[in-house]
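Every number here is computed from the coordinates shown, using simple stated rules; none is lab data. Everything numeric here is computed off the predicted structure, so don't read it as measured data. Here the Cβ is made from the backbone with ideal geometry for all residues, glycine too, and neighbour counts use every protein chain on show.
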Amino acid sequence: MKKYYTIVLILLIELFSSYGYGQKSVVYNTIETQNVMYYSVEEIVNLKFGGTKTTYTVSDLSLISKADLGPNNIRIITPIYKNENFTKKNYYIETKNLNPDSGSQQRTTLTEIKIDSKKIDIPENPQIEKEALALVIKNIIVKEPVVEIAKPVKMIKSITVVKPAETSKIVENVNIAKPREKVDHININVMDIYERVADKGYQSIFMFKELANYFYFNKQMEKAVKWYEELFAMTNDLAPEYYFRFGDALRKTGKTQRGEELVEKFNQLTE
């Protein structure tokens, strides 16, 4: 009889796991937990001719779906803080591991994006495809400064969640809906998105580098100068080649004196 109950228990555990919920994924260990009321989760599935976006909320990271993320698919996890006036926003982007041979045992990786007072902090070498990252930035900026919570439309699996109408407490074992909506295909114009975001007043060292270098190497020097100006206004802690490219772009747009000064700075840094 004891053996019978053991088998039943194992089957129940496997059945529960198959629903995609259970123990917290190891990759979530770096996600903010202090002063967090609940988490908004968006799962973007990109297909050849479009895709879908599923949105839901959970009170605990262990309740996030464990469904496998295929190529170019994205899961965005956003902590919703108890203090509504908290200006900092953290977005955690989960994608399929691009370097499965790197020694990591995890099938997915996590990229953290921070937004504080319109400054976007993106890691220098994010472990995410460029197109997917641009799509995430676009998706985030569209809903800034208010994070939208999807409304339920039908009943699904029972999980612990927070009901949008009851943000003052955590509600357990509530059935919620995972509404699906169509989203753009992953084949997007990365630089166009970055330009639009920057033109809205958002600042990002990562984005300014991408924009400036793109226009420089495509011989659009006026635009290259514009974004190198923005980049150098944020930081001077840059590799020497940025001084040369900025100076060269300035020289080619008629700003010879300042251009020569920056090229000379490049020469000093590389001596």
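For residue 112 and residue 34, calculate 0.36 nm times their separation in residues minus their Cα-Cα distance, and state this gained length in nm to one decimal.
Stretched fully, the residue 112-residue 34 segment lengthens by 26.5 nm.
Modelling each spin label as a point 7 Å along the Cα-to-Cβ direction, I'd like the residue 269/residue 222 distance in nm, to one decimal.
2.7
With a 10 Å radius around each residue's Cβ, average the other Cβ atoms per peptide and rank 257-270, 67-80, highest first.
67-80, 257-270
Go through 130/226; 119/252; 138/223; 53/200; 66/114 and tell me which ones have a Cα-Cα distance over 27 Å in this structure.
Exceeds cut-off: 119/252.
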